[in-house]
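These notes are about the structure you will find just below.
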Amino acid sequence: MSKGSTREIVVSGIRSTGILHLGNYFGAMRNYVRMQDDYNCFFFIADWHSLTTHPDTRELSESVHRVLAEYLACGLDPKKVTLYVQSDIPEIAELYLLLNMLAYKGELEKTASFKDKVRNQPDNVNAGLLTYPVLMASDILVHRAVKVPVGKDQEQHLEVARNFAHRFNHRYGLEVFPEPYAFNFGQDLLKVPSLDGAGKMSKSENQMATLYLGDDDDVIRKKVMKAKTDNGPTEPNTPMPDYIENLFLLMRLVSDNATLLHFTDAYNNASIRYGDMKKALAEDMIRFIAPIRESARELEKNKGYLHQVMKEGADKARASASATLLEVRKAMGMMYSFLP
Ligand code: TRP
């Protein structure tokens with residue numbers, strides 16, 4: 001057997017709405033890149049999911065291309081992983097239909113993400129919004145994945161996916177689906193704080209407090225310099241307020257140890273100048289983001305290459321998905337024209 005067929009199967013996706021930011025990088029992309037050598041990875045762009053909140057498709061094509069370029073710019077190698085767009089895989093929709101028959105309205109209404117969305121868009125509580133977790137379960141189960149690298153906010157969706165896997169196997173008496181689990185290299189699931197000290201970085205909210213992978217150098221500088229601080233500690237070893245701790249957290253992600261140590265010491269002996277700290281952080285942030293941004297911009301211009309990646313990814317993903325659907329139909333006894 002080849003190495004490829006024995007490696008554990010991994011699936012994860014990113015919605016194609018909004019612009020990717022530092023939180024996406026450290027919460028998702030970095031883990032994807034680390035997994036690409038050791039697992040059989042399927043990473044995709046969830047364009048169907050984005051329809052639940054953004055029914056207007058005019059900007060979809062552009063954002064799909066951009067997310068793909070950003071995936072590649074972050075270091076995902078299409079020779080190692082299967083990169084595709086969700087809507088290129090009709091088998092996902094077929095599985096979604098079948099799993100919907102096993103999904104109960106009550107359990108779907110209970111998910112935190114549904115309740116949030118109902119609050120955010122009371123005029124568009126569509127069935128797709130309610131069944132968002134069913135579609136996500138289909139994304140995962142269609143490849144019979146066991147590991148799903150996602151952020152903390154997705155744990156409840158994973159639980160729903162496990163329930164569907166279990167329910168399907170139980171109902172039709174065959175172990176078609178393994179139960180998938182969230183995966184994060186044994187560390188706590190990372191949250192990248194926003195620059196205003198309120199919550200985490202976001203695709204659509206508080207754009208001045210979020211660093212996007214596409215931000216230009218001067219924009220990065222401006223955002224970091226505007227980050228919330230105060231007059232600084234007046235006594236040594238004062239406990240850090242949240243927003244200051246956040247700056248250190250960001251520094252830990254992109255700066256070297258010497259820099260981090262320098263400002264930690266300065267804080268602890270109450271001699272820190274936040275202006276200096278932010279200047280150093282901004283330059284390190286630029287050193288981190290600029291190569292990704294530039295590489296993504298180059299890739300985005302190369303539509304021919306992006307299409308080739310999507311096409312090859314779709315072929316590989318469909319091969320995997322249709323093998324699962326065959327097992328699903330067999331288990332359900334729905335193969336009328338295939339059987340003698
Ligand atoms: N719901 C995920 C998010 O908002 C995106 C997603 C869709 C996903 N399908 C998935 C993630 C399957 C992992 C696996 O971030």
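The values are calculated or read from the model by the stated rules, or taken from the named source; none is laboratory data. Values in this document were obtained by computation on a predicted structure and should not be read as measured data. All Cβ positions, even for glycine, are placed from backbone atoms using ideal geometry, and neighbour counts span all protein chains on display. Heads up: the accessible areas ignore ligands, DNA and RNA and are worked out on the full protein's heavy atoms, side chains in. Shrake-Rupley method; radii C 1.70, N 1.55, O 1.52, S 1.80 Å.
Tabulated data for the structure shown
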item: Computed label-point distance, nm, for sites T57 and D37 using a 7 Å Cα→Cβ extension; result: 4.0
item: Area projected by the alpha carbon convex hull of region 214-296, averaged over all directions, nm²; result: 5.2
item: Nearest-10 value in Å² for the accessible area of D123, using the 1.4 Å probe; result: 150
item: Nearest-0.05 FRET efficiency for R171 and V219, computed from C-beta distance (R0 51 Å); result: 0.45
item: Relative contact order computed over the chain (Cα-Cα under 8 Å; 6+ residues apart), in percent; result: 23
item: Residue (of P241, A280, M225) at the positive-pole extreme of region 214-296, dipole from beta-carbon charges; result: M225
item: Separation of the H307 and E235 label points, Cα + 7 Å toward Cβ, nm; result: 6.8
item: DSSP-defined beta bridges in the chain - what % are antiparallel, rounded to 5; result: 10
item: Length-normalised contact order for region 91-198 - Cα pairs under 8 Å, 6+ apart - percent; result: 28
item: Within the chain, longest stretch clear of exposed chymotrypsin sites (Phe, Trp or Tyr not before Pro) (DSSP loop, no more than 15 other Cβ within 10 Å); result: 186-335
item: Among R297, R171, R144, residue whose mean-square fluctuation peaks in a GNM of the chain (springs only between Cα atoms under 10 Å); result: R171
item: The chain: most fluctuating residue of V67, V81, V118 per GNM, C-alpha cutoff 10 Å; result: V118
item: The chain - convex hull of the alpha-carbon atoms, volume per residue in Å³; result: 161
item: Nearby lysines by direct alpha-carbon distance to K301 (threshold 24 angstrom, same-chain neighbours under 8 apart not counted); result: K79, K80, K203, K311
item: Label point distance in nm, Y336-N269, each placed 7 Å from Cα along Cα→Cβ; result: 8.2
item: Residue pairs, from the table K152/K222; K191/K279; K105/K191; K147/K330; K200/K223, whose Cα atoms sit over 19 Å apart; result: K152/K222; K191/K279; K105/K191; K147/K330
item: Difference of contour (0.36 nm per residue) and Cα-Cα distance, S204 to E8; result: 67.2 nm
item: Rounded tilt (10° steps) of 242-254 against the dominant C-alpha axis of the chain; result: 70
item: Among S138, S61, S255: highest mean-square fluctuation, GNM of the chain, C-alpha pairs under 10 Å; result: S61
item: Sum of side-chain charges, A93 neighbourhood, beta-carbon under 14 Å (Lys, Arg +1; Asp, Glu -1); result: -4
